[in-house]
């Protein structure tokens, strides 16, 4: 077939358009017109004309001077033809394309001219453009239609250095596209990957020849590309291919390129990539470890990692890469099955390896030390290696090195390695030290497990040395604390018993350290000693043997007295509170938190000295402490009282605590402020500016008192059980307080707040941090929230709201039925709490989540049966419709926020609130307490096709009436609605809200919640399809409700059908709904299931087939078969509704037709040439000859 050609005038006009696009002197309007003309040309010209035009532009034909921009446009033109028109191109056109590209490659020369005296320079973007065209052709033709591709590429690469560079870039891009981007269909990707594996024994020698050619011609840029290509290959190819031809590639890497400073980094990257891979075959691990077992390779590695310097930035970068390679040897040794015999056979090299690794651990560069830690973690985590005689003696030297590592806390201006690694950036250095310290701590823990006595003695000796020298530097105390903590908690019980008396003596000395020096002179040092005491006490006081029990309790009492003494020695009765960030204030905070943590983790021991501890805390409370310190002390005391098992002590302490808060909680001024939002805002200074409000001591005192009272009352209600009628009087103000905190969010109330304070109603930074942490890790805030007045007010509001929700929610648990018998309790909660939830834009998601978790959940869970009708149902009747309204509106408007971070916060918070609502409210309401609905369990059930009870097999016990003569049934694994759920379904508004939430939730874009809602939907459908008691011939359902149920299931399949597990669950609930609703509303069910443009007769036949499977009881032994058949039939009916999988929705569809099937034998010796079908126009023998003929 003869190709069509453009005329000279047409070519000239095309060149003029291209020139106008790239000429900077052309006006913008003309350039824009040229762009439009260019796009029109691309769409209207035939393939022949586009080929000719692209070749003319790429070859710069007819131009006066060499113009790289025009060439670039031509290359893009040719690339688009290959990408988008290759299947439609004729064989002659494909051959022409290949010849044009090969001519471009052959004609590229960095120093000579071509054609009409033009100089065709090897610009990098031109080489890349040519390479992309070749890669696209390879992806479409090799190996079936282009079996000689590798030989032709090698022929081209021998033409010159530029051609060699192009061919290397082609293979590099091809492997990256194939193995990293994976833009091809799965079958085509598999064919290319298999073909690539088959040619590796030939391809690797080709790379070695290219590398030698580049080295001989002093072509370092080309050699760098070759080494990068080797690294890309090393990530996926078989190890035996890398070591083929007697390891010629490794020899070239280690013996030739290693002496070239420009190439050593790339060589190290290849070796590191090869050694860092995980191999499943032991033969592969042995091959990789040849760099360790064969001295010729290992000696080269030793010479590199023992390089003493001096270091420049390039040499240091290469040095770090080879250190990573050296460390990766330990990872491969740990994966070796025959490790003992292998290490014995290579004992000299292993001894050198451990010696060199020890030296690297003490290197001046912290990054090198951190790299060595990875190897030590592997060594001390492997039982075989750590018991070797070469490793055991290294434990104490390593511990000393680790102690020096822990002293690195600041950037040093004299350390050149730190400058090269972090460029004086404190943030990067701090991030590095976090992981650095974690690795050091873990290594100490692992070594301590192997040598516990030695490590205990080392840590105790280090502590004594600090006290002997009077050390006051924080870094040294912190290092010893870390060593002591990881050592003490890792030693076995027998060793711990031996050193317990010595540990107690050390605690005594720590408490007496500088006892003659006033605490105020050096409060930081007291904090250090307190931390060390905590580390030792947590390991040696609990679980003491009987003979040491008395000593343990004695030292425990002395520690508590010492801790509380640090408070009393720095304050006098009636003294004023310390200013924030004062060292003494920080010591108080440390001491009170120490007491709280002690009570939490050593509760059993603390209970035995309860009376003594209680007396000490009472004495401390006679001093003026901060609100935070008082809360911490009382929280610890409440924890101990909770576990003491003495109801009388609990009740007595609860009364004592509540009496202490009563003066403020029931004060006339506070009670009066709760009865008017205006007075509440004024009472707590919210109508004053931020600066004035925080400087006002009276306002600050009121806010602290409220926070303390609400927190302590909540902690008492949560942790204790007691019956005391006067306690109920505290609940009145709790309900009024939550009413004020919610009323603040009304528009009328916001106008009363000072303009500087109106942002206090936004989500606190701490809440936002908790939301974003799972996504972004540590959330970097602009400043410390406690130092920002607006954030402090937000935290104050949210903290009080959480506490008052706990007070109301847990009142039923601690007071029992007495609480639920309070007159008009439901009305009080509805009017003062839940009515705000139904108001538009009043309750944000983070506030709603607090109400669900801390109030509604506990209130419903502890509600007695006789209070269902008087408390639970009225409260839910107000709460559930409002929550459905909020959730449904937010799921519909999920993508409306423009700010990216706010959108993420809203998305995560909405999913959290939805999950809390169905798991903490709907589940207790609809299910009995012994039934737990989990999204994971639902998913497991959906995929368990072979289980007898997970699908919807009929049994003769159903009350639904199928067509006459057909047996009916109901699923046997669907739980019944609870008694509370039945009462809720009798309330029309409440039942409607629950049904709308459940069935709308099926298609909300949240896979976890949709999975849970399928279980609720099955329960509700089974309940509603059966006539209620006393109405045997009438169902509460109507035609509209049935259509809504079925449509919700189909919408759920449309949204979540892309996920296999959710699809299975929704198919289950759809089949369940069909089984129960079809006998009652056959026409409505069939109408919903019928697609818009379908063959009615064919659809009706499919429905009849489903009915024949669904309403027939299977024979014994064939139940599973029937279950699978009916699910498959139902899926066939609604297949048009099921959403596509994510992989199909996002996948770039690259269709390459007419390629014969590729059959590659496993053994290279038996490989046959692929057979080309006779119908194919193209022939593998004639396609793509190098000369195009």
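The values are calculated or read from the model by the stated rules, or taken from the named source; none is laboratory data. Source: prediction; values computed, not measured. Positions of Cβ are backbone-derived with ideal geometry, glycine not excepted, and every protein chain shown enters the neighbour counts.
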(Q) Taking the criterion of being under 20 Å from residue 701 (Cα atoms) and buried (at least 18 other Cβ atoms within 10 Å of the Cβ), would at least one residue in the stretch 634-645 satisfy it? (A) yes
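Quick one: is residue 543 in contact (Cβ under 8 Å) with a residue 24 or more places away in the chain, assigned to a loop (DSSP other than H, G, I, E, B) and under 30 Å from residue 497 (Cα atoms)?
On the way: in contact (Cβ under 8 Å) with a residue 24 or more places away in the chain: yes; assigned to a loop (DSSP other than H, G, I, E, B): yes; under 30 Å from residue 497 (Cα atoms): yes.
Yes, satisfied.
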**Q.** the stretch 661-671, residues that are closer than 19 Å to residue 719 by Cβ and without any contact (Cβ under 8 Å) to a residue 24 or more places away in the chain
**A.** none
Q. If residue 585 satisfies every condition in (1) in a helix (DSSP H, G or I); (2) modelled with pLDDT under 85; (3) more than 23 Å from residue 521 (Cα to Cα) but one, which is the exception?
A. (3)
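Residues are listed down the side, and each one gets a yes or a no for (1) modelled with pLDDT of 80 or more; (2) surrounded by 19 or more Cβ atoms within 10 Å (Cβ to Cβ); (3) part of a helix (DSSP H, G or I):
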position	(1), (2), (3)
1101	yes, no, yes
1106	yes, yes, yes
1112	no, no, no
1117	no, no, no
1120	no, no, yes
1125	yes, no, yes
1129	yes, no, yes
1132	yes, no, yes
1140	no, no, no
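Please go through the stretch 473-515 and pick out each residue that is outside any helix (DSSP H, G or I) and without any contact (Cβ under 8 Å) to a residue 24 or more places away in the chain. Spell out how you get there, then give the answer.
Keep residues of the stretch 473-515 that are outside any helix (DSSP H, G or I), which gives 473, 489-492, 513-515.
Across the stretch 473-515, the qualifying residues are 473, 515.
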Q) Among the helices (runs of 4 or more DSSP H) contained in the stretch 816-906, which hold 3 or more residues that are over 20 Å from residue 805 (Cα atoms)? A) 873-892
Q: Collect the residues in the stretch 283-318 that are part of a helix (DSSP H, G or I) and farther than 28 Å from residue 342 by Cβ, keeping them in residue-number order.
A: 313, 314, 315, 316, 317, 318
Q: Please state which one of 407, 398, 411, 373 is over 23 Å from residue 275 (Cα atoms), touching a helix residue (DSSP H, G or I) at 6+ places or on another chain (Cβ under 7 Å) and part of a helix (DSSP H, G or I).
A: 398
**Q.** Among the candidates 423, 443, 438, residue that is within 19 Å of residue 398 (Cβ to Cβ), assigned by TED's automatic domain parsing to the domain that holds residue 365 and exposed (fewer than 15 other Cβ atoms within 10 Å of the Cβ)
**A.** 438
Q. Looking at this structure, is residue 88 closer than 15 Å to residue 15 by Cα and at pLDDT 85 or above?
A. no
**Q.** residue 431 vs. criteria outside any loop (DSSP other than H, G, I, E, B) and at pLDDT below 90
**A.** yes
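Kindly establish whether residue 817 is closer than 25 Å to residue 926 by Cα and surrounded by fewer than 17 Cβ atoms within 10 Å (Cβ to Cβ). Talk me through it step by step, then tell me what you get.
Details: closer than 25 Å to residue 926 by Cα: yes; surrounded by fewer than 17 Cβ atoms within 10 Å (Cβ to Cβ): yes.
Answer is yes for this residue.
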Q. Which condition breaks for residue 152 when tested against (1) farther than 23 Å from residue 185 by Cβ; (2) within 44 Å of the chain's Cα centre (by Cα)?
A. (2)
